[in-house]
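Comments concern the structure below.
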Amino acid sequence: MLQGGLNALSPPHRGRVRRVANDCARAITGYMFGNLLISVVAGVATYVALWVAHVPFRGVLSLWVAFADLIPLVGATLGAIPTIAVAFLHSVPAGIGIVIFYVVYQQFENHVLQVTIMSRTVALNPLLVLVSVLVGVELLGVVGALLAIPAGGIIQVIGRDLWDEYRGRPKDVPTVGADEVPVTEAADDGP
């Protein structure tokens with residue numbers, strides 16, 4: 001279908017659309033990889049916290065947290081609830097410790113980890129990552145949060161290509177950032 005759609009375009013436009021579409025696909029792939037990486041970090045951090053607190057079933061609970069963390073906005077909280085419950089069943093001090101761990105970790109994940117990883121994997125400025133998530137949540141709620149970062153990456157790739165065309169300097173490879181780093185190089189600089 002993609003090739004059929006590209007064949008409908010004139011040859012001069014076909015290459016440009018193919019190039020921009022490839023870069024948009026790279027932004028979406030980067031988002032998926034970044035989200036998976038953040039979930040792995042959440043699972044490992046949970047395992048370490050549960051190990052320190054001597055809570056049983058830490059492997060299963062960490063795996064649950066990693067899977068739940070794939071869900072935007074509410075996933076980390078959904079993963080934390082059963083983990084905290086098991087920690088409280090083990091002992092009250094362990095439960096309190098795990099509650100404190102999750103409060104601190106979720107703040108770290110939301111404000112540092114997600115912004116840093118997504119800015120590298122999607123090749124977006126960290127401020128744009130945060131702004132795109134806020135705009136996505138405001139416009140479409142949970143679905144907007146899920147689509148915000150890849151949409152921001154796609155908008156950036158298309159915007160940069162349009163800007164380069166407007167200035168009369170279309171590039172063979174679209175660029176990102178103020179330094180105008182080619183997208184192919186920015187995608188290779190991942191975490």
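Every read-out reported here was derived from the displayed coordinates using simple, explicitly stated rules and does not represent laboratory data. Computed from a predicted model, the values in this text were never measured in an experiment. Neighbour counts run over all protein chains shown; Cβ positions are idealised from the backbone, glycine included.
Here are a few things to note about the model shown:
- For the stretch 16-188, the gyration tensor built on C-alpha atoms gives a prolate shape. Its axis ratio a/c (a ≥ b ≥ c) is at least 1.5, and a/b is the larger of a/b and b/c.
- When the Gaussian network model of the chain links Cα atoms closer than 10 Å, the mean-square fluctuations of Leu113, Leu134, Leu146 top out at Leu134.
- Mean separation of Cα pairs under 8 Å and 6 or more residues apart, divided by the residue count, gives the stretch 29-173 a relative contact order of 20 percent.
- Each label point was placed 7 Å from the Cα along the Cα-to-Cβ direction; for Ala21 and Val74 their separation is 3.6 nm.
- Prolate/oblate/rounded call for the stretch 1-74, Cα gyration tensor, a/c under 1.5 rounded: prolate
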